[in-house]
1. If you roll a 1.4 Å probe over segment A:1-141 with all protein chains in place, what percent of the accessible area is carbon or sulfur?
2. Rounding to the nearest 20 debye, state how big the charge dipole of segment A:177-258 is about its Cα centre with +1 on each Lys and Arg Cβ and -1 on each Asp and Glu Cβ.
3. Give me the percent of the accessible area of segment A:453-505 that comes from carbon and sulfur atoms, probe 1.4 Å, all protein chains in place.
4. Given Cβ point charges of +1 (Lys, Arg) and -1 (Asp, Glu) and nothing else, what value in debye, to the nearest 20, does the dipole of segment A:559-665 about its Cα centre take?
5. How large is ³J(HN,Hα), in whole Hz, for each residue of segment A:683-691 in order, when computed from phi with the Karplus curve 6.51 cos²θ - 1.76 cosθ + 1.60 and θ = phi - 60°, using x for Gly and Pro?
6. Taking the simple approach of a point 7 Å from Cα along Cα-to-Cβ for both A:Lys314 and A:Glu168, what is their distance in nm?
7. With the cut-off at 25 Å, tell me which of the pairs A:Lys553/A:Lys681; A:Lys525/A:Lys682; A:Lys137/A:Lys578; A:Lys37/A:Lys624; A:Lys553/A:Lys633 have Cα atoms farther apart than that.
8. So for the pair A:Gln449, A:Arg753, with labels modelled 7 Å out along Cα→Cβ, what separation do we get in nm?
Amino acid sequence: MKLKAINLEKAYNPKDFEDRIYGQWKESGSFRPSGDKGAAKYSVVMPPPNVTGILHMGHALNNSLPDVLIRYHRMLGHDTLWVPGTDHAGIATQNVVERFLLKEGLTRQQIGREAFLKRTWEVKERHHDIIASQLEKIGSSCDWDHERFTMDEGLSRAVREAFVTLYERGLIYKGNYLVNYCPKCGTALADDEVEYQEIPGKLYEVRYPYSDGSGFITVATTRPETMFGDVAVAVNPEDERYKSVVGKTLDLPLTDRKIPIIADGFVDIAFGTGMVKITPAHDPNDWQCGKRHNLPQINILNPDGTLNDNCPEKYRNLPALVAREAVVADLLAQGYLIGEKEHNHEVGHCYRCHTVIEPYLSEQWFVKMDGMARKALDAWKNKEVNFYPKKWENTYVHWLENIKDWCISRQLWWGHRIPVWYCDKCGKMMVKREDPTVCDCCGSDRIHQETDVLDTWFSSWLWPFSTLGWPDKTPDFDRYFPTDCLITGYDILFFWVSRMIMASEEFLGKSPFKDVFLTGLVRDKLGRKMSKSLGNGIDPLEVVDRYGADAMKFTLAHGCTQGQDMKIDMDSFKMGSKFCNKIWNAARYLLMNLEDVTLGDPDSLELGVLDKWIYNRLNQAAAKVAEGLDSYKFNEAAQAVYEFFWNDFCDWYVESSKKDLYSTDQAVKDRAMTILLDVLKKSLSLMHPFVPLVTEEIYSKLPNTDTSCINSRFPSFNPKIDYSDEEKTVGMMQEAVRLVRNVRSDLQIPLERKIHVVVRPDEDNAASAFMAANKDLLSSFMTAGELVIDTAKKADISEALPAAGLGISVYVFVREAVDIEAEIAKLRDEIEKNRKSLAQTMQKLSNENFINHAKPEAVEKEQQKRAEFEEKIAKAEHHLNLLQSF
RNA sequence: GGCGACGUAGCUCAGUGGGAGAGCGGUAGUCUUACACACUACUGGUCAAUGGUUCAAAUCCGUUCGUCGUCACCA
């Protein structure tokens, strides 16, 4: 059947088709798992973005990479599932909604818990739709039918199941402990939710007098206002200076309290005065020390960070920093403050709102971690879970070995409310999977639920199995759990990855994924983290708008090396865009030449040397892609498809085929096109995981396809294809062409001057025979007028310029192409002129006055000129020598 | 302070025992039957410094300098 030419738009314009193609895929259910039980399964869960966030480059990266993998496995025929979803992000979301309220002059307390949650759900719905459409826009082939939210019904059930189970196993407890508390967010935080930043502060030296009037001691502190919580002063028991004073009593300045001097090994003899005031309720070390010595804990703060009633009246209700100034002033006035020096120290800040964290004594819920940590360590030791790159294993192990109990209660409203009820009558506590209506113990219906909610990560850590139906034994769970790999940034290794492994081991006895690939972080060109406050972020949607989703995906994959952060700016994406354009134009070229062509069966054709060569290159590229993707070396896989398509297919194969494609013999043309389209079709499949949209759009136009690209078979490496002889032959031809092109370029012989060339292979072999048989092709690559393949080594080459390569030499009859005498004269002129200029420059540069007194820019400019002249002279002399040599 | 990473072409980075590479940039030329988002060629680097192991080191080891990350911290 004779085909008609197909005309594609002149340039690659992703906007013309990206949304349409994505819609078609989604519509046709292409993202759904095949459910084919006969095939291997491949499953991945998406790291759920915060529902109130906006997609940033980090999301783009850790959704692009799984997309590549998922598409690759789908094309291998695997039963693939990629589960998308969003996270309720307790603190972050609550903050967002509170900001909205503030604009209306309201606080959450004013509108109450129920109304606040209603508002929050509304905000969640709106933002969810934005996030989901952004994920679609960047081309993620996740299965939307499996989408989950950490607070949807199923996942909430999973959270309860997890909490109650852990409680039943004795792994959850409640108690009064010193926790990290953010006064602004009004909630406790886990240890790893605190970020430490060095800030300048002061170290105050304060005198505490002995109660017996025998003098005073001096302590050093950065936080003088906490002195109201002091319950002792500690010295090191080994400290000779203070051995005699241990046990004495001190008067605490500004108060009427008396505190003892105690001995404790944690005190550093060398630091400060060697005396430390002990404030158990406001410092983790002091808290430990207080426990050891059975000291009371005096909490001096209100939840909002102001001083409370345990402090002298004067300071009550002042914010800590204000109180500090007042205390310092009073200490100074009363002669207690004797020193004050600059002191930089690390201070904890809230990872959500960057407020200074207070160690705060309060009643909180905790998870015991040591046992789970051991299981998670074993999972790694047994190779149940593997880290890429390997270096993260150390970090993982170190964290697990030093783990502390996890504070999971948050004094927020947005989140999973802790499933604990208290009886108002008998005071008993109940921990329940289902909401109770009456007290188990006394039967009273006057019960109330715990008001705290759970840490967001308490739901995220169940994600790989809660999204598949756990705690129920669903078909999805049976089929797709454990998942195959997890891709996310290393910044949430502890928050999320480690905890998922712990939860999964605890509840299911296996690792939730086989592999963890931890990506680097996306940074700007200056190496700074992209952030809203710096305004240096790149919006993935803007990238899509300017260059297309494929360009973004390809660039990210191509730039993704193991363990390195990725520095990018908007221009970085030109690379992917150019590649897509190249693909587009190659396809356009072939399709526009389809007129009157009848395609044959590529499998039954007798292949020529070049045909075998290109199939061999394709086969090898496929091997590299498989190798790269199997080991999470996305850059190597992307590079392989790039080089194959551009350098092998476009630059050599398509160019080589032009003669046949324009042959007057229709049979020759049909044959050429049959193979060209077959290679194109397979190339599109090869490239599809990296540039899905453009390959699908082109694929849909091909006359030799009947499926969609997304559902086509990946052209996997076929060990039976071995055309290494053809590989050598074509390599030799390419070498000959390069040699001639070098000569032409060196002597600046314009293309329209057809040159006379003798090619002399070292040996008479398949390559020389091929070149002899394809002289026309070779001539066109060399733009040669006359070409002799001189296997017999008989041609007269005395007049030609030789150039030698590996296994081959070429001789170019330059004389015919260039007017030697004129060229020599021209070069001599040029050398002369440049030497004069150089002499002038040198004169300036050798003048000390010039060097010492002229502006540095001027000197530098002269030096640049010198280098330029010298280079020009050297080049001209090189040419001159060449021309004079024959 | 512990642990770790990095330092390769003007820029961004690959490369892990035997050839120093890519993309972008620069230079020169080319509208050579799709692609100027192209083609061709060229340019450019004591692979941070130093010592060692080796027949052979950008690659392995030691030390130094510089940059960064991370964990833990002294009040």
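1. With neighbouring chains kept in place, the figure for segment A:1-141 is 53 percent.
2. Details: 9 positive and 14 negative charges, 85 e Å.
Its charge dipole is roughly 400 debye.
3. Numbers: 620 of 1130 Å².
Roughly 55 percent of what the probe reaches on segment A:453-505 is carbon or sulfur.
4. Working: 11 positive and 18 negative charges, 88 e Å.
Using only the charged Cβ atoms, the result is roughly 420 debye.
5. 5, 4, 5, 4, 8, 3, x, 8, 9
6. Computed distance between label sites A:Lys314 and A:Glu168 equals 5.8 nm.
7. Numbers: A:Lys553/A:Lys681 21 Å; A:Lys525/A:Lys682 36 Å; A:Lys137/A:Lys578 20 Å; A:Lys37/A:Lys624 28 Å; A:Lys553/A:Lys633 15 Å.
The pairs that break the limit, which is 25 Å between Cα atoms, are A:Lys525/A:Lys682; A:Lys37/A:Lys624.
8. Calculated label separation equals 8.8 nm.
The values are calculated or read from the model by the stated rules, or taken from the named source; none is laboratory data. Since this is a predicted model, take the numbers as computed values, not measurements. FYI the Cβ positions are ideal-geometry reconstructions off the backbone, even for glycines, and counts take in every protein chain you see. Side chains are part of the model used for accessible areas, which takes the heavy atoms of the whole protein and leaves out ligands, DNA and RNA. Shrake-Rupley method; radii C 1.70, N 1.55, O 1.52, S 1.80 Å.
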